[in-house]
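Working notes, beginning with the structure itself.
Rule-based calculations on the coordinates, nothing more; no lab input. All values derive from a computational prediction rather than experimental measurement. For neighbour counting, all protein chains shown are included, and Cβ atoms are generated from backbone atoms with ideal geometry for every residue, glycine included.
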Amino acid sequence: MSAPSSPRHQTLLAVAVETPQHAGLGGTLDYLSEQSLSPGTLVRVPLGKRELPGIVWERADGPTTDAQALKPIRQALTALPPLPAAWRQLLGFAAAYYQRNLGELALAVLPPELRKLDATQLDRRLKRLPKTVAGLASTAATAPRAALTKDQSTAVDEIGRVGAGTCLLHGVTGSGKTEVYMEAAARVLDQGRQVLVLVPEINLTPQLEASFAARFTGRRIASQHSGMTPAQRLSHWLAAHLGEADLVLGTRLAVFAPMPRLGLIVVDEEHDPSFKQQEGARYSARDLAVYRGKLEGVTVVLGSATPSLESWHRAQRGQYTLLPMPERIGQGVLPSLKVVDMTNQPRANVGSGDALSQPLVHALRERLARGEQSLLLLNRRGYAPVLQCTACGWKSACPHCSAWRVFHKADRTLRCHHCGLAERVPRACPDCGNLDIHATGRGTERLEEQLTELLPGARIARIDADSTRLKGSLEAQLAAVHDGDVDVLVGTQMIAKGHDFRRMTLVAAVSPDNALYSSDFRAPERLFALLMQAAGRAGRDAAMGARSEMWVQTWNPRHPLFAALARHDYAAFAASQLKDREAAGLPPFAHLALLRAEAKDAAVAQRFLHAAAEAAAALPQSASVMIYPPVPPAVSRVADVERVQMLLESASRTALQHLLAALQPQLHQLRSSHRGLARWAIDVDPLAI
Ligand code: ADP
Ligand code: ZN
Ligand code: ZN
């Protein structure tokens, strides 16, 4: 297979190769080739002792760095059409913006199967493709279509008119956003173009796929998400790239799907944090979608009932076209808010603060008597967040993390939610032998147990990451709720999204206060989105909408967040948050990057970041960038690795970008002089600081 090195290899090619970020290699490597290959061509090249996949890239003019050592490429996979210029530009931008090695990112976003193929194997795959493509065509029975409401048709018309721009579709839950996406998509498909739809979570893709399949019978619908088999991911990706798929639906990684006839991008639930990749190249698929829209001259629709403050701010300033849909479809009304002031509740009933108050229990009993459903939201799984010895004060700390291990009663384990360590619950205190170990606080398991006592005979179900570990179990549990086999559903935020429960007339947030005083500046925004989202589960049925209620148990009943929630007033909430953000110099008024470092010894990570801070401050690009001292994050040790982070902040995105670009090479050098440093990474536009 290896081609002999000979004078025939004349053409100099720049190739993006997957080199590890920390190898410090820059954009591309030079190789020789017999034929001149157009940029975007997939190749296989030697690197050291290995043979790796690569992508031919635009080569800047000028001499190669090391003409003597140049090697010929091994293979060109010319059967695959080159990855288009727009795709290369998107990857070039993403790599530069998120401070990653180009080759690493460009190869990482290709289907893993594709990276393994040689020319012969690729030919074989392409021969089989027509069969795959035929299978992508939707055979679903066409769903009957309702006439669009006035708001919907205005939104669809606007989307058609905007051209190369971004729309923010701000529609309350149940306002019919999906219908708008589909109608806008239909118009683009009718012009012979492709549509890309991004959703935050795998769990939400089947529902969306079903809606699109029923709307677009005969159209070829491809998917891209991590739940697919490697073979499926490759064939669907090939269908997108070859223009053989009309629609591509997927999670954040789908933003990189090459689509030669792209005509529209939709980002559903655009505020969702899962659009931000949290390891490796920490890109935001939402932000890249907006960039890609500009690049390819197509409309981008961002949809949400509770937009991110970044998107909302841009819409307020006219950078995005705001498309409001304030009304629910049909007679559906949004539930009214009941705030339980926990400071007024009898102490005995309130317990550790996460218990159910009398008025809420009463309201649950009413629902039961009427045969209606209730949903209780508690964002903490397990039975209790910590076990404690009443005699000596021992607590169930994780030996490997700076966190408590959570008590799971169902399987009698103590489990660390950070490193995964699970052990049987000790019978007695490991330190003093005392038999009286106390479960402090409350998780979903304990809430479920308490409900069983308070509501005898009620059918209670729990949905969280523990109850849905087995494949298909989430679907089965949701189906039971839909079929009316459940009276009270307990769960984490997992259940707040996307599901449409007809007989649900009460939704309660049992213990939402943590988010109000969190050190995470986005916590209130998330809580508001979660509660609006959860409230959207109730009152969908017109007949029952009138008595639907959203309950909140809080020790801070006068918090402005609840006042805005009571009026379902996202705009008021956003305005007050934006004021706070502006005063505090936080996004969207400032731009942030985190430099993270990890080591077994926290002092090593600290020293590395201090050296980085000095190096950054010495750069001329640091003039308008604030460099904060390194600090440990909230959970500083995970699996025996200590983490430290340093914040960089600037009012100018460009200034921050220039500093990061200048700092990068220095960080690679600094690393070698800091023995024991496990790794470092830059997180641009971090979700939390
Ligand atoms: P959202 O995504 O905004 O929460 P959905 O798209 O789920 O709202 O729509 C809510 C419900 O209203 C769905 O059952 C949908 O089928 C229905 N619906 C949407 N548009 C219309 C319409 N124009 N006429 C009647 N029903 C509609
Ligand atoms: Zn003890
Ligand atoms: Zn741990």
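Summary table
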item	result
Ranked packing of 231-244, 209-222, 422-435, most packed first, by mean Cβ within 10 Å	231-244, 209-222, 422-435
Which of CYS167, CYS401 has the fewest Cβ neighbours within 10 Å, and the rest in rising order	CYS401, CYS167
Helical mean residue ellipticity (222 nm; -39500 (n - 2.57) per DSSP H run of 4+; nearest 500) of the chain	-10000 deg cm²/dmol
Total charge dipole magnitude, the chain, about the Cα centre, Cβ charges on Lys, Arg, Asp, Glu only, Debye to nearest 20	880
Cα-based helix-to-principal-axis angle, 150-162 vs the chain, degrees rounded to 10	20
Long-range Cα-Cα pairs in segment 230-322 (distance over 24 Å), rounded percent	23
Once the Cα gyration tensor of segment 399-469 is diagonalised, semi-axes √(5λ) in Å	25, 17, 9
Candidate lysines - alpha carbon under 29 Å from LYS276, same-chain residues fewer than 8 apart omitted	LYS116, LYS177, LYS294, LYS471, LYS497, LYS579, LYS600
Between helix 285-296 and the chain: long-axis angle, C-alpha atoms, 0 to 90°, nearest 10	40
DSSP beta bridges in the chain [antiparallel fraction, %, rounded to 5]	50
With Cα atoms, 0 to 90° folded angle of helix 85-97 axis to the chain main axis	60
Total charge dipole magnitude, segment 407-517, about the Cα centre, Cβ charges on Lys, Arg, Asp, Glu only, Debye to nearest 20	180
Evaluated over segment 440-563, the Cα radius of gyration and Dmax, each in Å	15.1, 42
Bins of 20 Å, starting at 0 and running to the largest distance - Cα pair percent for the chain	16, 46, 33, 5, 0
Space enclosed by the convex hull of the alpha-carbon atoms of segment 132-275, per residue, Å³	110
Paired Rg and Dmax values of segment 467-540, which use every Cα atom, in angstrom	13.7, 41
Radius of gyration, Dmax [segment 565-624; alpha carbons; angstrom]	18.4, 51
Mean-position separation - Cα centroids, segment 265-298 and segment 549-594, in angstrom	23
Length released on extending from THR154 to LEU126, taking residue separation times 0.36 nm less the Cα-Cα span	5.8 nm
Charge dipole (the chain, unit charges on Cβ, about Cα centre) - positive-most of ALA210, THR149, HIS610	ALA210
For the chain, with +1 on Lys and Arg beta carbons and -1 on Asp and Glu, the positive-most of MET532, HIS271, PRO82 along the dipole	PRO82
All aspartates and glutamates inside 20 Å of LYS409 as judged from Cα atoms, apart from same-chain residues fewer than 8 positions distant	ASP354, GLU423, ASP436, GLU445, GLU448, GLU449, GLU453, ASP464, ASP466
